[in-house]
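Report on the structure given below.
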Amino acid sequence: VQEAGEIQGVIRCPYHSWTYDLNGTLKGTPHVGGINQHKDERVPCEKHGLKALRSHVWMGMVFVNLSGTAPDFEEVLRPLTERWSQFLGDDGNALMHVPREGGAWQVEVKCNWKLAVENYCEAYHLPWVHPSLNSYSRLEDHYNIAFADQFAGQGSYAYNLADVEGTSLPTFPSWPADRLRNAEYVALFPNVLLGIQADHAFAMMLQPLAANRTVEHLRLLFVGQDAADAPQYEASRQAVLNAWRVVFSEDIGAVEGMQAGRQSPGFKGGVFSPEMDQPTHYFHQWMARRVLANGQNQVQG
Ligand SMILES: [Fe+2]
């Protein structure tokens, strides 16, 4: 299965056309026992189904654990879901819908994935890198977020794209009426960037290709199936996607410049603003702890 879509009936391997039902049971093995012999007792279907993996679907993404040893996903996520329940309610995830068409964007950037996380964690660069965003969500209306070991980012008290672009989309029913302009942007370490606004959310997955190349996969989520798919909201969905496409495109020059700077022999480490870079520093510490722990494991054998 090479791309997103709705699978109807069976999953078919494109190589020899073996087919599996949606539970992963092997159903069809054409010519497996020789020409026109579609069954062979030496290749019993019940022994050759797809392998089961631990997985969890959340905010339009599938999280997979290959080793089987990861902690329970809902436990890991709990600090964030508890924080966000004040906006999204307890059923926020069930309300979020990924559009069947559109609502997604991706771009390859010439930087290490960690620089994209670093850049996402702070709002300090807003006035200079994002003049348009800064017009509807100003730097001075932002606050830092860092908590529970693996989340950091920023929030805004004054996100008002709807006023600027005239968008009209359904909002989360639980979102407090007096805080409709609140928005929060949190990196879920290591490589997922999340944003919530009253009338939409987004998730960006950072896919590392090499030490200095990353693909950013952005996907929008809207409140309810209609908001995601109905024609009446098409213009608003496009305006939201376009606004984020502009913002994330503006960051490309910054993160690619950071990558080039770090490859310079003159680079001897950077400087943090004690006020503006707290979430970024939080991510650095998280990363450093894991690098050190990994080195320790290797030493121990
Ligand atoms: Fe940015």
Per 10 Å bin from zero, what fraction in whole % of the C-alpha pairs of the chain is there, up to the bin with the longest pair?
5, 23, 30, 21, 13, 6, 2, 0
Inter-label distance for ALA70 and HIS217, nm, one decimal - labels placed 7 Å from Cα along Cα-to-Cβ:
1.3 nm
Any trypsin sites (Lys or Arg not before Pro) in the stretch 196-291 that lie in a DSSP loop and have at most 11 other Cβ atoms within 10 Å would be LYS268
Calculate the FRET efficiency for SER174 and GLN225 from the Cβ-Cβ distance with a Förster distance of 25 Å, rounded to the nearest 0.05.
0.90
Rounded tilt (10° steps) of 278-300 against the dominant C-alpha axis of the chain
40 degrees
Convex hull volume per residue in cubic angstrom - Cα atoms of the stretch 47-89
87 Å³
Projected label distance in nm at SER85 and ALA4, using a 7 Å step from Cα toward the beta-carbon:
2.8 nm
Residues LEU50 and GLU140, FRET efficiency given R0 of 45 Å [Cβ-Cβ distance, rounded to 0.05]:
0.30
How long are the three semi-axes of the equivalent ellipsoid for the stretch 167-278, computed from the Cα gyration tensor as the root of 5 times each eigenvalue, in whole Å, largest first?
33, 17, 12
In the chain, lysine pairs closer than 21 Å at Cα, eight or more apart or cross-chain
7
Once fully extended, how much extra length lies between VAL107 and TRP128, figured as 0.36 nm per residue of separation less the alpha-carbon to alpha-carbon distance?
5.4 nm
What are the GluC sites (Glu not before Pro) within the stretch 212-301 that DSSP puts in a loop, where the Cβ has at most 15 other Cβ atoms within 10 Å?
GLU275
log10 I(q)/I(0), Debye, Cα-only the stretch 1-52, no solvent, q = 0.26 Å⁻¹?
-1.06
Ranked by GNM mean-square fluctuation in the chain (Cα springs under 10 Å), the top entry among ALA260, ALA123, ALA104 is ALA260
Using a Förster distance of 25 Å, the FRET efficiency for VAL57-LEU292 (Cβ separation, nearest 0.05):
0.15
With label points set 7 Å from each Cα along the Cα-to-Cβ direction at SER273 and SER17, the distance between them in nm comes to 6.2 nm
Euclidean distance between Cα centres, the stretch 217-247 to the stretch 1-53, Å:
36 Å
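Values in this text are rule-based calculations from the coordinates and carry no lab data. Just so we're clear, the structure is a prediction, and the values are computed from it rather than from any experiment. Every residue, glycine among them, receives a Cβ derived from its backbone with ideal geometry; neighbour counts consider all protein chains shown.
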